[in-house]
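First comes the structure, then the notes that go with it.
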Amino acid sequence: MTIWKSHALRRTAALAAGVLAVLATTTTAVAEPAPAQPAIQAPAPIPLPPEFDAAFYNPPADVVAATDPGGLIAVRQVNVANAGIIPLNVDAWQVSYRSNNTAGQPIPAVATMLKPRGVAPEPRKLLSVQIAEDSLAGYCAPSYALQFLSAATFAGQIVAPAEFLFAQAALQQGWAVVIPDHQGPNSAYAAGPLAGRITLDGIRAATAFEPLGVGAQAPVGMYGYSGGALATQHAAELKQSYAPDLNIVASASGGNGPDLGAALEMANGQATAALVLAAVIGLTREYPYFAEYIDRNIDPLGRALITAKGPLCVQYQSMLLPFVDLKGLLWSTAGDPMRNPAVQRVVEETRLGKTVPDMPMFIWHSRWDEILPLGAANTMVDSYCTDPSAQVQYTRDWASEHIVAEVSGGPAALLWLRDRLNGVPAQSGCSTSDVSSMAAAPGVLPYAGTMLGETVLALFGKPIGS
């Protein structure tokens, strides 16, 4: 072999080695390992409400901003209980994660994650349950209200322990459950798009949290009623644009409030006016232009009500001055304040029915709903069903009002979700039906009986899902 050939071979070998080194470096850069999971903190002896637990609920802004949406910031074990006094035999954690507010800015969010006992096929199915917070203070949020020795139930958060039973029904199926504090760090009640993003990022956090046993490809369902339906439906509409990576296969929502303007018109001067006023207060916490309008035009009685209702959970804030004339609390030179541009803008920005979700939907509503008008729900469904690709099963229940409709319709919704999570295709197109009671649907009463029986056994310490 000549010297020239020897040098050429050495140069070729060196070039090949360099190319391989570059390829190896490039491959390593593309296939970065998953970020390390935060260390899991031990449960506190007595849970603290968010107002006294800023380190977990409000981590430093730079830490939040440096985290991807749905990325985990902190994790701790918790003990959950019915009404804060009857412990449940499940694995439970709280996670702090990053989401985005209405202005697109990073914010911290918190969710409760639950894993049933027993073995489930991998990956474990996941249900995101949006509980109706309907409150204006941090201690009313589900993450605090659902804990053992929490005082929230006795301080007015009566909705969370009631709706927690539907989350327990999901655990009985062997599913994992995530329950987001979807009103965000400022308790922005009724800010639907915010709640939708926090819900979607909570699902991202759940699929990334390894101990839950739910991977990125696991089938995910969503459930919510009333204030929880607001979060659920906004999440369904935002999923394509905000979280296309999620494998959400179905959504069930009842007692929907797709038009907050229609809800205010219905409640004005009626028994539910105080509850809707809380929603107005919640919106001011997320929409600065609306807060400016309210602050500039509210009368002394309205200002006093805002101050008094601010630290209250749903039971007490909704009892504070019912039958109030909501429109009369505002000075308006243009007559009806609903015609003011700021009011019309916030109503439009929070309106549902503008985007058709890319998943099958189970929607139900009481024919006699006294809080959220049936007509607005009809309009939302009609807007979806103008698209031939929409999949909507819509039921109107005649033997109910707002609260009873969740009791009669919730089990039917969970049965429908079970089929979707098990891979049974939903019916194509849209259907609307009027029924005397959803509780009379095939299989609902036996399922509700089993669900109730398992719940009673859990009160005596039976492992849920075993």
Inter-part distance where the stretch 93-124 and the stretch 395-437 are each reduced to a Cα centre, Å: 26
Linear extension gain, M319 paired with Q270, 0.36 nm per residue minus alpha-carbon span: 16.4 nm
The stretch 115-271: C-alpha gyration tensor shape, a/c 1.5 cut-off, then a/b vs b/c: oblate
The stretch 124-209 - convex hull of the alpha-carbon atoms, volume per residue in Å³: 92
Those residues of the stretch 302-317 whose amide nitrogen sits under 17 Å from the label point placed on N58, 7 Å along Cα→Cβ: 310-312
Dipole of the chain [Lys/Arg +1, Asp/Glu -1 at C-beta], most positive-end residue of S408, V90, S436: V90
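So which chymotrypsin sites (Phe, Trp or Tyr not before Pro) in the stretch 333-388 are both in a DSSP loop and have at most 16 other Cβ atoms within 10 Å of their Cβ? Could you put the intermediate results ahead of the total?
On the way: sites: F362, W364, W368, Y384; in loops: W368.
When the chymotrypsin sites (Phe, Trp or Tyr not before Pro) of the stretch 333-388 are filtered for loop state and at most 16 Cβ neighbours within 10 Å, W368 remain.
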Nonlocal amide H pairs with I107, under 5 Å, H built at 1.01 Å: S99, N100, N101
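How many percent of DSSP beta bridges within the chain run antiparallel, rounded to 5?
Values: 23 of 55 bridges.
Counting DSSP beta bridges with both partners in the chain, the antiparallel share is about 40 percent.
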Furthest towards positive pole of dipole, I306, I281, A342, structure part the stretch 264-349, Cβ charges: I306
P(r) of the stretch 63-111 over all Cα-Cα pairs, binned every 5 Å from zero, in whole percent: 5, 21, 21, 16, 11, 12, 10, 4, 0
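Rg/Rh for the stretch 264-349 to two decimals, with Rh computed the Kirkwood way over all alpha-carbon pairs.
0.93
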Relative contact order (%) - the stretch 264-349, alpha-carbon pairs under 8 angstrom, separation at least six: 43
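Take every Cα pair under 8 Å in the chain that's 6+ residues apart, average their separations, divide by the length, and report that relative contact order as a whole percent.
Working: 980 pairs, mean separation 71.3, N = 466.
Reported as a whole number, the value is 15 percent.
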18 Å Cα-Cα reach of K125 towards aspartates and glutamates, excluding residues that sit fewer than 8 places from it in its own chain: D91, D201, E210, D245, D419
Calculated FRET efficiency for the pair E210/L459, C-beta based, R₀ 22 Å, to 0.05: 0.15
Three semi-axes of the equivalent ellipsoid, the stretch 390-466, Cα gyration tensor, whole Å, largest first: 26, 18, 9
Label-point separation in nm, I403 to S437, each point 7 Å along Cα→Cβ: 1.7
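All of the numbers you see were taken from the coordinates with simple rules; none came from a lab. Fair warning: this is a prediction, and the values are worked out from it, not measured in the lab. FYI the Cβ positions are ideal-geometry reconstructions off the backbone, even for glycines, and counts take in every protein chain you see.
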